[in-house]
Each structure stands twice: as structure tokens, then as C-alpha cells.
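Notes for the one structure printed next.
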């Protein structure tokens, strides 16, 4: 029987995942720590209680990091409680979104002739510095907005570079870096300006700031461009944060087509010690799905050792 490349890849990914699922049957408190900084988020372990209870449960499963896109909009008291919970459990805070796009309005237009959206963006960055300090976060996500159909793309790129450089000047003195997130246009975000890691690389190099880097979300990149490891390798000098999510479905590793064990092995070879956001859902609802989530990450963590 002739096997397709897709079949071979699927079979290779299935073995470590199945082993991880078997190991998960004994999952309890205080499991061995993961070798990389995989970061769940509120909702990853929804059956375990509220935000603080979910952080505690994640720590017990061996996770060493956490991320929270919505942290900027939480009351200060909740931000402080979260930071304390993470510190108590020895966990690293990952990203929060520093300037949330207005998705329904397809704004901001950071490359527009009118500079109002750029000024509002910079105001968000200024106010996010205190949030980052409160959370002990050194990375915050930014989205570079939407394309302005009235302005040539090259002109928009120049303006995006300018505003990113200005934002970098605001946060660099505080030891914080913005990570720009390229988004796919084929499934989730039609009309966005930044659509690939390679495009992010060009903007980051143009901004030429230690505070302006790329968030490599591999779910988005797989949909838009593929070729994940060569892209990471080429753009690595400007990548300061990663997020995982399988495709199709944007759920845990092993639920789709991406060979995340190989990605993890590559990251270990690169000696990556940063956070890897688990920006995806669970393919199975309830506690069974939560157990499957932990097993999926055990599988790719262990599979990368081979």
C-alpha cells in the first residue's frame, strides 16, 4: 500500500500522543515540571474553579508559565492577585494584550494617512507599562491593525514601522518588549495588516528596537504560510515569544496536522527558555478535555527527547 506523506506524519505524531494519553491516567498533583515554559490561560482548566484555582491546578500539573490576553482589562486588585499567585507557585507571566483591536470595526488603521489611530495606540502602550510591572510581565502582545485600502501597502509599512519604533522607545527603558502578532487572513482575520512571521520580521528590523519583536503564533503561520521550522530559523533573531495551537480547529497539539514534538525539539536545540503560550481551546469538553490537554503537552515534551 502506498502511504502519503500526510499519513506518515500523522502516524508519527500519534505514537507519542498516545503514550502521553496513557501517562495522563495517573495525572495528579505535583507532577514533574515541563521542560519548556508552556503557558495555559483562564479556561484551559475551567472545571477546576476560578482564575486563581486554575493557576494552582496548572502548577500542580507541572506548568511553569501562564498567559492572559485580557489581563489589561482586569481590575487592579485582580491583576495583583494573579501576580501573587504566579509568584507563589514559581510561574512566569507570559503576554497580555497591550492594545486590543476593535475587531468588529476593522480598526486600528495604523498605516492610515490620519494619525489618530497611531496616537491612540501609543496611549495604550503608555498605560500598559504599569500593567506589565504589576504582573511582572516582560512581554506584551500588540496587533498591527488592519489594512487601509486607500493607502499603498508600502506607505502603510513605513508608518507601522514608525509607530512601532515610537512604542519601543516608550517601553524599552522598563525592560519590556512588545511582540507583534501576525494573524492569518484565510480562516480568522481577513483584512489585517500583518499576515506572516516574515512580514513581522521586516517591520521589526525596520523598527530596530530591542523592545519591538515578533510573537510567532504557529497556528496562524501554518494556515497562512506553513514551512514552520525554516521560517522560525530565518526570523529567529526577531522572535521573542511563541504560541501553539493545532490546525485545523485551533486546539491542543495532536488534534491537528502540526508535528509539535518536532517543533519542541527544535526549540530545545535553540535553547529557548521563554514562554510558549497555549493559545487554543480543548478539543474535548470538560475534565476529559483538560486531561487530554495535559497529556498532549506531556506527549510533545517527551516526544522531543527522542
Inset, instruction - Determine which single condition residue 134 fails, assuming it passes every other condition in (1) part of a helix (DSSP H, G or I); (2) touching a strand residue (DSSP E or B) at 6+ places or on another chain (Cβ under 8 Å). - result: (2)
Legend entry - Verdict on residue 38 being part of a strand (DSSP E or B), in contact with a strand residue (DSSP E or B) (Cβ under 7 Å, 6 or more places away or on another chain) and either under 21 Å from residue 280 (Cβ atoms) or touching a residue at least 40 places away in the same chain (Cβ under 8 Å) (or both): yes
Inset, instruction - Go through the residues of the stretch 161-174 one by one and say whether even a single one is in contact with a helix residue (DSSP H, G or I) (Cβ under 9 Å, 6 or more places away or on another chain), in contact (Cβ under 8 Å) with a residue 40 or more places away in the chain and surrounded by fewer than 15 Cβ atoms within 10 Å (Cβ to Cβ). - result: yes
Legend entry - Hits in the stretch 170-184 - residues which are within 17 Å of the chain's Cα centre (by Cα) and either farther than 18 Å from residue 99 by Cβ or at pLDDT below 95 (or both): 184
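Yes or no, residue by residue, for (1) under 21 Å from residue 141 (Cβ atoms); (2) surrounded by fewer than 18 Cβ atoms within 10 Å (Cβ to Cβ); (3) in contact with a helix residue (DSSP H, G or I) (Cβ under 8 Å, 6 or more places away or on another chain):
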site: 219; (1), (2), (3): yes, no, no
site: 222; (1), (2), (3): yes, no, yes
site: 229; (1), (2), (3): no, yes, yes
site: 237; (1), (2), (3): yes, yes, no
site: 241; (1), (2), (3): yes, no, no
site: 245; (1), (2), (3): yes, no, yes
site: 248; (1), (2), (3): no, yes, no
site: 256; (1), (2), (3): no, no, no
site: 270; (1), (2), (3): no, yes, yes
Legend entry - Residue within the stretch 155-169 that is under 20 Å from residue 96 (Cα atoms) and either within 17 Å of the chain's Cα centre (by Cα) or not in a helix (DSSP H, G or I) (or both) present: no
Inset, instruction - Those residues that are in contact with a strand residue (DSSP E or B) (Cβ under 7 Å, 6 or more places away or on another chain), surrounded by fewer than 20 Cβ atoms within 10 Å (Cβ to Cβ) and under 11 Å from residue 167 (Cβ atoms), I need them from the stretch 107-124; list them, please. - result: 124
Legend entry - Among residues of the stretch 205-233, those that are within 15 Å of residue 250 (Cα to Cα), in contact with a strand residue (DSSP E or B) (Cβ under 9 Å, 6 or more places away or on another chain) and touching a residue at least 40 places away in the same chain (Cβ under 8 Å), counted: 3
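The values are calculated or read from the model by the stated rules, or taken from the named source; none is laboratory data. None of these values were measured; they are calculated from a predicted model. FYI the Cβ positions are ideal-geometry reconstructions off the backbone, even for glycines, and counts take in every protein chain you see.
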